[in-house]
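Reviewing the structure listed below.
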Amino acid sequence: MTTQSNSPAHTSEPVVRLENATRIYNPGENEVRAIDGVTLDVARGDFMALVGPSGSGKSTVLHSLGCLDRPNSGRVFVEGQDTTTLNGDALAQVRNLRIGFIFQSFNLIPVFSAYENIEFSLQILGTVSPAESRDRVNEILAILGLEKQKDRRPNQLSGGQQQRVAIGRALVKRPAIILADEPTANLDRRTSEDIISLMRRMNEEKHATFVFSTHDEHLMHHARRVVRLVDGKIVSDERKVA
C-alpha cells in the first residue's frame, strides 16, 4: 500500500531540501532543462529511490542534493543551511562533512587497500583522531563482512566487495545523507540483492538516510519512498506504508 504526497510525512526539518530548483544546460536556443522547478524534501531516515526514464532529471536531482551541481535558480538547503551562495571551498566543506557518495563505478583508489580506501574519508575530514579512525574503520569492515579482505586492493576484490568498500567509505564519516548513483548497475542480480539488503540494514540499524537514482526494479521495490521524474519534473512522490 502506498500514499502519495508532495512532502514527507516527517515533521522535523529535512536533511536536504531542493526549493524550486531549475538546472539548465546550454542556455539559449538549444537549452536543456534537466530539472524544472523541482521542490523536494529529504526527511531524516528516508530510504528513497529517484526513478524515471533516461533524461528525466534524476541524476541532476541527485547531484543537486549532493551540492555537486548548482541549480541555475532555486535553492538547496543542507540541514537548514542555504548552500546557494557558498563559494567552492565552503561547498566542498559541506560535501565532506555532511554528505556521503556511492558511485556505480565504485571510484576506489586503486593503490589503496580496502581499509585505506575507507579510512581516506576520515583523513579528508581531518577532525578524527588516529585511534577513533581505526575503531570506526574496523567497525565498518566488520559490518560489511570485509575483515578478511581489508588489506586487499580494489583489483583483488569482486565487484560486490568493491561496492561494499564504497558504501563503507560513505558511512564511516557518519554523514547526514548518503547519495547513491545507480548503486547496483554494475553488479549481478545476487550481488545486487546483497548490496540492497546491506543498505536497508544500515538504514534501519544506523538510521542512515539514503537517496539513490536507479533503474533497478528490485531496488525500487525495497525503497520506502519512490519519487518519479519525467522531463525534469516530479510527477509522483509515493511513501510506502507498512
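The values are calculated or read from the model by the stated rules, or taken from the named source; none is laboratory data. Here the structure is a predicted model, which means the values were calculated and not measured. Quick reminder, even Gly has a Cβ in these numbers, built from the backbone with ideal geometry, and neighbours come from all protein chains shown.
Of (1) over 30 Å from R200 (Cβ atoms); (2) touching a strand residue (DSSP E or B) at 6+ places or on another chain (Cβ under 9 Å), P53 satisfies all except one. Which?
(1)
Tell me the residue from S192, S197 that is hydroxyl-bearing (S, T, Y), under 28 Å from V137 (Cβ atoms) and modelled with pLDDT under 90, please. Step through it out loud before you land on a result.
On the way: S197 fails: modelled with pLDDT under 90.
Within the list S192, S197, the selection yields S192.
Condition (residue is in contact with a His (Cβ under 8 Å, 6 or more places away or on another chain), under 27 Å from F112 (Cα atoms), surrounded by fewer than 20 Cβ atoms within 10 Å (Cβ to Cβ) and of a type in the set (D, E)) applied to region 194-210: is it met by at least one residue?
Checked against the condition, which is being in contact with a His (Cβ under 8 Å, 6 or more places away or on another chain), under 27 Å from F112 (Cα atoms), surrounded by fewer than 20 Cβ atoms within 10 Å (Cβ to Cβ) and of a type in the set (D, E), region 194-210 yields no hits at all.
For region 93-149, what are the residues that are free of Cβ contacts under 8 Å to residues at least 60 places away in the same chain and basic (K, R)?
R95, R134, R136, K148
Let's see how each residue does on (1) small (G, A, S); (2) within 17 Å of A180 (Cβ to Cβ):
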| position | (1), (2) |
| --- | --- |
| S12 | yes, no |
| V16 | no, yes |
| E29 | no, no |
| D69 | no, yes |
| G80 | yes, no |
| D89 | no, no |
| R95 | no, yes |
| F112 | no, no |
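When you check L171 against the structure, is it crowded, with 21+ Cβ neighbours inside 10 Å and over 13 Å from the mean Cα position of the chain (by Cα), yes or no? Outline the logic, then answer.
Values: crowded, with 21+ Cβ neighbours inside 10 Å: yes; over 13 Å from the mean Cα position of the chain (by Cα): no.
Taking the combined requirement at face value, the residue does not satisfy it.
Taking V226 as meeting all but one of (1) over 16 Å from the mean Cα position of the chain (by Cα); (2) under 24 Å from H63 (Cβ atoms); (3) surrounded by 15 or more Cβ atoms within 10 Å (Cβ to Cβ), write down the number of the exception.
(1)
Quick test for you: out of R153, R164, R174, pick the one residue that is under 29 Å from P71 (Cβ atoms) and of a type in the set (K, R). I'd like the intermediate steps shown before the answer.
Working: R153 fails: under 29 Å from P71 (Cβ atoms); R164 fails: under 29 Å from P71 (Cβ atoms).
Exactly one of R153, R164, R174 is under 29 Å from P71 (Cβ atoms) and of a type in the set (K, R), namely R174.
Residue pairs, Cβ under 8 Å, 6 or more apart or interchain, first in region 49-60 and closer than 20 Å to E238 by Cβ, second surrounded by 20 or more Cβ atoms within 10 Å (Cβ to Cβ) and aromatic (F, W, Y). List them.
Close Cβ pairs (under 8 Å, with a partner that is surrounded by 20 or more Cβ atoms within 10 Å (Cβ to Cβ) and aromatic (F, W, Y)) amount to A49/F212; L50/F212.
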